[in-house]
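Student: Take this structure first; my questions come after.
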Amino acid sequence: MTVKHILFVLTNTPQIGPNQRPTGYFFSEVAHPYEVFDQAGIAVEYASPLGGTPPEDGYDEKDPVQLAFRHSDAIRRMARSRKLSEVDVLDYDAVFFPGGLGPMMDIAVDPEVKRVVARAWDAGKIVAAVCHGPAAFLGVRLADGTPLIQNRKLTSFSDEEEAGYAQADVPFLLEDALRAEGGDYSATDVWQSKVVIDGRLFTGQNPASAGPLAQAIVKELQGE
């Protein structure tokens with residue numbers, strides 16, 4: 001059996017907003033998908049725009065999945081994430097963008113991120129993101145110049161969720177930005193799990209959606 005590989009692309013942004021709110025990737029949005037992929041025998045590798053150790057946010061030691069990831073070999077490997085420009089996304093079966101507030105600063109605008117997303121999509125790979133991770137899709141254009149997300153069903157952290165979380169810190173509202181590029185956006189109640197699949201575009205709304213999103217990706221990769 002051929003082992004499937006997925007590339008996690010993480011933020012390098014440690015602070016956001018006028019009050020320099022500490023941030024990074026949201027811990028559960030890496031730990032829970034990692035557990036799902038690992039149990040399915042799917043290999044996980046890590047990259048970030050700058051390489052090195054990605055900053056983290058939201059760690060909850062009372063969550064046994066997060067606690068296990070904290071003490072895993074996987075997080076040690078993630079601390080040496082590869083520089084995204086030195087990675088060929090075609091070596092992977094899927095690319096995944098975890099959330100956290102950090103991606104709103106770098107993943108949202110980084111030209112290499114946009115190139116990687118377009119390259120993965122054009123090659124027939126699964127392209128996935130959760131919570132604020134779909135910021136990776138903003139500005140991505142297909143070969144004919146149309147936005148990747150135009151008329152595609154997707155979700156992300158909602159405006160309603162942001163209003164009770166970090167609206168004063170983020171540079172824009174992700175739901176609004178995805179809609180502005182023509183995305184067919186939908187959301188469920190705040191902090192409840194929602195996964196949207198449109199072809200090879202896989203998105204999850206919030207932290208509660210990270211594990212279910214990974215499960216959906218596993219089903220697709222395993223041909224179920």
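Student: Just name the residue that is surrounded by the most Cβ atoms within 10 Å (Cβ to Cβ) out of those in the stretch 51-73 that are over 18 Å from G133 (Cβ atoms) and under 17 Å from the mean Cα position of the chain (by Cα).
Tutor: G51
Student: Hey, another quick one. Condition first: in contact (Cβ under 8 Å) with a residue 40 or more places away in the chain and within 17 Å of the chain's Cα centre (by Cα). Now tell me which residues in the stretch 168-182 satisfy that.
Tutor: Of everything in the stretch 168-182, those that are in contact (Cβ under 8 Å) with a residue 40 or more places away in the chain and within 17 Å of the chain's Cα centre (by Cα) turn out to be V170, L174, A177, L178.
Student: Taking the stretch 179-199 on its own, how many of its residues are farther than 16 Å from C131 by Cα and crowded, with 16+ Cβ neighbours inside 10 Å?
Tutor: Here the count works out to 1.
Student: From the list F157, F202, which one is under 21 Å from M105 (Cα atoms) and not in a helix (DSSP H, G or I)?
Tutor: Only one candidate passes the filter, namely F157.
Student: Next question, about the same structure. If the requirement is being part of a strand (DSSP E or B), more than 27 Å from I16 (Cα to Cα) and not acidic (D, E), which of these qualifies: I197, I217?
Tutor: Answer to the check: I197.
Student: Could I ask something else about it? Quick check on the stretch 27-41: of everything there that is open to solvent by less than 10 Å² (accessible area, probe 1.4 Å) and closer than 17 Å to H5 by Cβ, which residue is nearest to the chain's Cα centre (by Cα)?
Tutor: Across the stretch 27-41, the extreme among qualifying residues is V30.
Student: What number goes with the only condition from (1) open to solvent by 10 Å² or more (accessible area, probe 1.4 Å); (2) at positive phi that G100 does not pass?
Tutor: Every listed condition holds for G100 apart from (1).
Student: Among the residues of the stretch 1-26, what is the count of those that are open to solvent by less than 40 Å² (accessible area, probe 1.4 Å) and at negative phi?
Tutor: Here the count works out to 11.
Student: Looking at M78, is it more than 22 Å from L142 (Cβ to Cβ), touching a residue at least 12 places away in the same chain (Cβ under 8 Å), of a type in the set (A, V, I, L, M) and open to solvent by 10 Å² or more (accessible area, probe 1.4 Å)?
Tutor: Against the criterion (more than 22 Å from L142 (Cβ to Cβ), touching a residue at least 12 places away in the same chain (Cβ under 8 Å), of a type in the set (A, V, I, L, M) and open to solvent by 10 Å² or more (accessible area, probe 1.4 Å)), M78 does not qualify.
Student: Somewhere in the stretch 110-122, is a residue surrounded by fewer than 19 Cβ atoms within 10 Å (Cβ to Cβ) and touching a residue at least 24 places away in the same chain (Cβ under 8 Å)?
Tutor: Yes: one or more hits.
Student: Being open to solvent by 30 Å² or more (accessible area, probe 1.4 Å) and hydroxyl-bearing (S, T, Y): is that true of S85 here?
Tutor: Here the answer is yes, as S85 does meet what is asked.
Student: The conditions are (1) among the β-branched types (V, I, T); (2) part of a loop (DSSP other than H, G, I, E, B); (3) under 29 Å from V109 (Cα atoms), and V3 fails exactly one of them. Which is it?
Tutor: Checking V3 against (1) among the β-branched types (V, I, T); (2) part of a loop (DSSP other than H, G, I, E, B); (3) under 29 Å from V109 (Cα atoms), the one that fails is (3).
Student: Tell me, which residue of the stretch 160-174 that is part of a loop (DSSP other than H, G, I, E, B) and hydrophobic (A, V, I, L, M, F, W, C) is most open to solvent (accessible area, probe 1.4 Å)?
Tutor: Applying the filter and picking the extreme gives A168.
Student: Could you tell me which residue of the stretch 124-139 is surrounded by the most Cβ atoms within 10 Å (Cβ to Cβ), considering only residues that are among the small types (G, A, S) and under 8 Å from the mean Cα position of the chain (by Cα)?
Tutor: Selected residue: G133.
Student: Limited to the stretch 54-100, what total is found for residues that are out of contact with any strand residue (DSSP E or B) (no Cβ under 7 Å at 6 or more places or on another chain) and hydroxyl-bearing (S, T, Y)?
Tutor: Result for the stretch 54-100: 3.
The values are calculated or read from the model by the stated rules, or taken from the named source; none is laboratory data. In this text the structure is predicted, and so the values were computed from the model without any measurement. Don't worry about glycine lacking a Cβ; one is built from the backbone with ideal geometry, like all the others, and counts go over all protein chains shown. Note: accessible area is taken over every heavy atom of the protein model, side chains too, but ligands, DNA and RNA are not part of it. Shrake-Rupley method; radii C 1.70, N 1.55, O 1.52, S 1.80 Å.
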